[in-house]
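The values are calculated or read from the model by the stated rules, or taken from the named source; none is laboratory data. Since this is a predicted model, take the numbers as computed values, not measurements. Here the Cβ positions follow ideal geometry from the backbone for every residue, glycine too, while neighbour counts run over all protein chains shown. Heads up: the accessible areas ignore ligands, DNA and RNA and are worked out on the full protein's heavy atoms, side chains in. Shrake-Rupley method; radii C 1.70, N 1.55, O 1.52, S 1.80 Å.
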Amino acid sequence: MNADRQIVVIARVLLPAGRDRLADRYELREGGLDATRDDLLAMVPGASALVSDPSQPIDGELLDAAGEQLRVVANFAVGYDNVDLDACRARDVLVTNTPDVLTEATAELAMALTFAAARQMSDAERDLRAGNWRGWDPAAYRGIEIRGSTVGVVGMGRIGARYARLAHGLGANVVYTSQSPKPQAESELGAKRLDLHELLEASDVVSIHAPSTPETKGLIGAAEVELIGPEGVLVNTSRGPLVDSEAVAAALETGTLGAAGLDVYENEPEVSPRLLKATRAVLLPHIGSATIPSRDGMASAVADNVIAVLEGREAPSRVV
């Protein structure tokens, strides 16, 4: 250990695109993918920076364990609902995230889930692998086409706007709900702003791109799923707490929801057993940003933020 080097704690893992730059400047303590809460509490004392990710809650207890020299929590994600912002403010700890670099990857995955769910690809593949395919059947696995459909975008931020452009490019009509109007999307895409329930009723596909906040928790429950309807498709690549997995599973079981494509869940890595068994459900393990350019860009952005703060400069993507 070099007493002159500041300590940076990586709660779990940071890819080499960011880690190597930090290792050149600071002493690193790394938890690994299996790090527990207790492991993290033991690692953080004396840290000047903490690199977190959505799987690790960052709260007052952890900040206090780190000590008064902690200057920044650099979240390895665009979302930061795992970080207690008030606790950080109270202790003068900056919080940063990694926006922009994962926009394309996440929007593309949302569109991939849209295709897969709309065409019942998971059921078709499951039957093929199980040896249940008996040849071409004109009535089997019929879904919807994106061209000519109405695609509803819930949350027209960076990722939602990119997804809307992809949908528009495929010939879909775009509607959206957002806290504020989006004149550019309206003029360039012909997008129409609706309230949430209007959007759910009007859309053939509903894709969730809103942030996770106390106000958006449970945004899509049983009543909302019913509005999407028996031929509708629900896609979620934002955050798990926005969608009630049990309500989705029940709607798939009864046929009141046509299909679902999900990449995020309320209690990751746990997933509702009912949802795992449901038909017409395409389920992925939170891989929205999992491309080489995106994840390397995120890791590099983490390093940019940590280095800037510890060198006394403004963080490129400061949250608080």
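Figures for the structure shown
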| item | result |
| --- | --- |
| Calculated FRET value between D100 and D4, using beta carbons and R₀ = 25 Å, to 0.05 | 0.15 |
| Proportion of all alpha-carbon pairs of the range 1-89 beyond 21 Å (%) | 22 percent |
| Contour minus Cα-Cα distance for R134 and D39 (0.36 nm per residue) | 29.0 nm |
| Alpha carbon convex hull of the range 173-261, volume per residue in cubic angstrom | 87 Å³ |
| On Cα atoms only, tilt of 158-169 relative to the major axis of the chain in degrees | 30 degrees |
| FRET E, pair K277, A23, Förster distance 35 Å, beta-carbon r, rounded to 0.05 | 0.20 |
| Charged-residue dipole, Cβ positions (Lys, Arg, Asp, Glu), the range 112-196 about Cα centre, Debye nearest 20 | 160 debye |
| Given charges at Cβ of Lys, Arg, Asp, Glu: the chain dipole, positive-most of L15, A250, A308 | L15 |
| The range 227-292 pair-distance distribution - Cα-Cα, 5 Å bins, rounded % | 4, 18, 32, 25, 13, 6, 2, 0 |
| Relative contact order [Cα under 8 Å, 6+ residues apart], the range 174-320, whole percent | 16 percent |
| Charge dipole (the range 1-150, unit charges on Cβ, about Cα centre) - positive-most of G135, A110, L50 | G135 |
| Degrees between helix 103-118 axis and first principal axis of the chain (Cα, 0 to 90, nearest 10) | 30 degrees |
| Residue-averaged 222 nm ellipticity for the chain, from DSSP H runs of 4+ at -39500 (n - 2.57), nearest 500 | -10500 deg cm²/dmol |
| Between 0 and 90°, nearest 10: helix 292-310 axis offset from the chain longest Cα axis | 30 degrees |
| Point-charge dipole on Cβ atoms (K/R +1, D/E -1) for the chain, about Cα centre, debye to 20 | 740 debye |
| Cα gyration tensor shape for the range 55-204, rounded if a/c is under 1.5, else prolate or oblate | oblate |
| Rel. contact order, % - alpha carbon contacts under 8 angstrom, at least six apart, the range 1-80 | 32 percent |
| Set of lysines near K182 by C-alpha distance (under 18 Å), chain-local residues within fewer than 8 positions excluded | K192 |
| Rel. contact order, % - alpha carbon contacts under 8 angstrom, at least six apart, the chain | 19 percent |
| Sequence ranges 171-177, 28-34, ranked by mean other-Cβ count within 10 angstrom, highest first | 171-177, 28-34 |
| Dipole magnitude of the range 265-309, debye to nearest 20 (Cβ charges: Lys/Arg +1, Asp/Glu -1, about Cα centre) | 340 debye |
| Accessible surface of the range 154-251 [probe 1.4 Å, protein heavy atoms]: carbon and sulfur percent | 50 percent |
| HN-Hα J in Hz across the range 197-208 - Karplus 6.51, -1.76, 1.60, θ = phi - 60°, x for Gly and Pro | 5, 4, 4, 4, 6, 7, 9, 7, 10, 10, 10, 8 |
